[in-house]
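Asks: Before I ask anything, here is the structure I am working with.
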Amino acid sequence: MAKIAVVRGDGIANEVMPEAEETLLAAAEAAGFPVEMKHFDWGSERYLREGRGMPEDACKTLREGFDAVFQGAIGDPRVPGSIVQEQVIMGVRFGLDLYANIRPCRLYHADLTPIKGKGKGEIDHVVFRENTEGLYANVGGLFKQGTKDEVALQEEVHTYKGVERVIRAAFAFAERHGRKKVTVADKAGGLKFAGAIWRRVFEEVRADFPGVESNAMHIDAVAMELIQHPEKFDVVVTENMFGDILSDITSALVGGVGLAPSANLNMEGVSMFEPVHGTAPDIAGQGIANPVAATLTAALLLDHLGCAQGAAAIRRAVEEAIEAGERTGDMGGSLSTKACGDAIRKRLS
Ligand code: NAD
Ligand code: IPM
Ligand code: MN
């Protein structure tokens, strides 16, 4: 029995996660793969109630009792700043040392992309985002806060270990999945220290994978070329903040963040799965959010647990529902979150 910890999260997460959970359970059952879910109320409500978004020992609970974590977006306008995101999102990513944030984006229908002349499957990227350091290491501080002399410092941290393991994971993934190319997106021609370590470690690791085509590009050029020539890219590996931005760009190429799943992996430990999108306060509570990102995230989770049949069934059902026009508003349709979830489940076989 695979044990999944579920953190529903805030805002639209409370609308899309129940759909994705139901679909996950149905797909797993149809595949004869027993799973059990336990819910945790971590997030902004809990922060407002108790002053902490999740307990101090949350990661110990996850490590010791579960095979995977299924997490919805976190963030609530009632809590300004980043405190709950730091406690829960970064708390879990850092606490479980989830060093590779894998964000795949595949085009499911020609009418979902703003790019001319691209059809189903013709845009297909996987962003490997370093997930435990960079600007998110939160090294820095505020000085003379609240005065005209205020200084904000946010330092980047890049360790050999951190850079090497995510680049190696990207190449290993490319090799395993028959992907044709790995591109590193860095800033070697601008950032003296961070750029140098990324470029040097990339050169070192690529030598171990002679069968995988690879190249190095500057992050700004990648941002432009992803839109002009998306076919030039396959797997893109990059540092934490660049990867945050690039993965919103790759999701825009296939219909937006409402369709983009992600896996936060530690190859040796418990991994966490969450959609790329946030809590969408602008549409929360209306029942119109797209459940596809969370549902495709459930497929990544099942794949990771070894239920490839359930994962494939979910992807096929999503593809068929989109093809049939059974879509929420962001995909050009008019279905509610619930109706879209039902349409996907109806097609599970
Ligand atoms: P967002 O992803 O929540 O919203 C950006 C835009 O995309 C909005 O117009 C929104 O309506 C739309 N959108 C997002 N998900 C959608 C879906 N499933 N269906 C249809 N439309 C969707 O990003 P934001 O507005 O920058 O952030 C809102 C909050 O979410 C903030 O508190 C932020 O910190 C948090 N956030 C959390 C995560 C996470 O938990 N991993 C990720 C991103 C943002
Ligand atoms: C994401 C989000 C988070 C990040 C925020 C909410 C902290 O944008 O998961 O992409 O920057 O990682
Ligand atoms: Mn983001």
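The values are calculated or read from the model by the stated rules, or taken from the named source; none is laboratory data. Model, not experiment: these values are computed from the prediction. Don't worry about glycine lacking a Cβ; one is built from the backbone with ideal geometry, like all the others, and counts go over all protein chains shown. These accessible areas exclude ligands, DNA and RNA; they are computed on the full protein's heavy atoms, side chains included. Shrake-Rupley method; radii C 1.70, N 1.55, O 1.52, S 1.80 Å.
Asks: Failed condition for residue 58, given (1) over 20 Å from the mean Cα position of the chain (by Cα); (2) under 21 Å from residue 322 (Cβ atoms), with all others met?
Replies: Unmet for residue 58, out of (1) over 20 Å from the mean Cα position of the chain (by Cα); (2) under 21 Å from residue 322 (Cβ atoms): (2).
Asks: Only one of these conditions is not met by residue 180: (1) in contact (Cβ under 8 Å) with a residue 12 or more places away in the chain; (2) farther than 22 Å from residue 119 by Cβ; (3) away from ligand 1 (no atom under 16 Å from the Cβ); (4) over 21 Å from the mean Cα position of the chain (by Cα). Which number is it?
Replies: Among (1) in contact (Cβ under 8 Å) with a residue 12 or more places away in the chain; (2) farther than 22 Å from residue 119 by Cβ; (3) away from ligand 1 (no atom under 16 Å from the Cβ); (4) over 21 Å from the mean Cα position of the chain (by Cα), residue 180 violates only (2).
Asks: Taking the range 122-149 as the region of interest, how many residues are of a type in the set (Asp, Glu), touching a helix residue (DSSP H, G or I) at 6+ places or on another chain (Cβ under 9 Å) and open to solvent by 10 Å² or more (accessible area, probe 1.4 Å)?
Replies: So the answer is 3.
Asks: Now, a different point. Tell me, which residue of the range 322-333 that is crowded, with 22+ Cβ neighbours inside 10 Å and in contact with a strand residue (DSSP E or B) (Cβ under 9 Å, 6 or more places away or on another chain) is farthest from residue 290 (Cα to Cα)?
Replies: 327
Asks: Looking only at the range 104-114, which residues are open to solvent by less than 30 Å² (accessible area, probe 1.4 Å) and not in a strand (DSSP E or B)?
Replies: 107, 108, 112, 113
Asks: Of all residues being more than 9 Å from ligand 2 (Cβ to nearest atom), assigned to a loop (DSSP other than H, G, I, E, B) and touching a helix residue (DSSP H, G or I) at 6+ places or on another chain (Cβ under 6 Å) in the range 68-87, which is most open to solvent (accessible area, probe 1.4 Å)? Just the residue, please.
Replies: Result: 76.
Asks: Can you name the number of the only condition in (1) outside any helix (DSSP H, G or I); (2) in contact (Cβ under 8 Å) with a residue 60 or more places away in the chain; (3) surrounded by fewer than 24 Cβ atoms within 10 Å (Cβ to Cβ) that residue 56 fails?
Replies: If we test residue 56 against (1) outside any helix (DSSP H, G or I); (2) in contact (Cβ under 8 Å) with a residue 60 or more places away in the chain; (3) surrounded by fewer than 24 Cβ atoms within 10 Å (Cβ to Cβ), just (2) comes out false.
Asks: Now for a different question. In a loop (DSSP other than H, G, I, E, B) and either within 12 Å of ligand 1 (Cβ to nearest atom) or surrounded by fewer than 16 Cβ atoms within 10 Å (Cβ to Cβ) (or both) - does that describe any residue in the range 234-253?
Replies: No, every residue in the range 234-253 fails to be in a loop (DSSP other than H, G, I, E, B) and either within 12 Å of ligand 1 (Cβ to nearest atom) or surrounded by fewer than 16 Cβ atoms within 10 Å (Cβ to Cβ) (or both).
Asks: Could you tell me whether any residue of the range 180-197 is open to solvent by 60 Å² or more (accessible area, probe 1.4 Å), part of a helix (DSSP H, G or I) and closer than 25 Å to residue 124 by Cα?
Replies: Looking through the range 180-197, none of the residues is open to solvent by 60 Å² or more (accessible area, probe 1.4 Å), part of a helix (DSSP H, G or I) and closer than 25 Å to residue 124 by Cα.
Asks: Provide a single number: the residues in the range 28-39 that are in contact (Cβ under 8 Å) with a residue 12 or more places away in the chain, more than 18 Å from residue 274 (Cβ to Cβ), out of contact with any Cys (no Cβ under 7 Å at 6 or more places or on another chain) and not charged (D, E, K, R).
Replies: Number satisfying all stated conditions: 2.
Asks: What tally of residues in the range 304-318 results from selecting those that are under 19 Å from the mean Cα position of the chain (by Cα), open to solvent by 10 Å² or more (accessible area, probe 1.4 Å) and of a type outside the set (Gly, Ala, Ser)?
Replies: 3
Asks: Please enumerate the residues belonging to the range 88-103 that are within 16 Å of ligand 1 (Cβ to nearest atom) and open to solvent by 30 Å² or more (accessible area, probe 1.4 Å).
Replies: Residues satisfying the conditions are 90, 94, 95.
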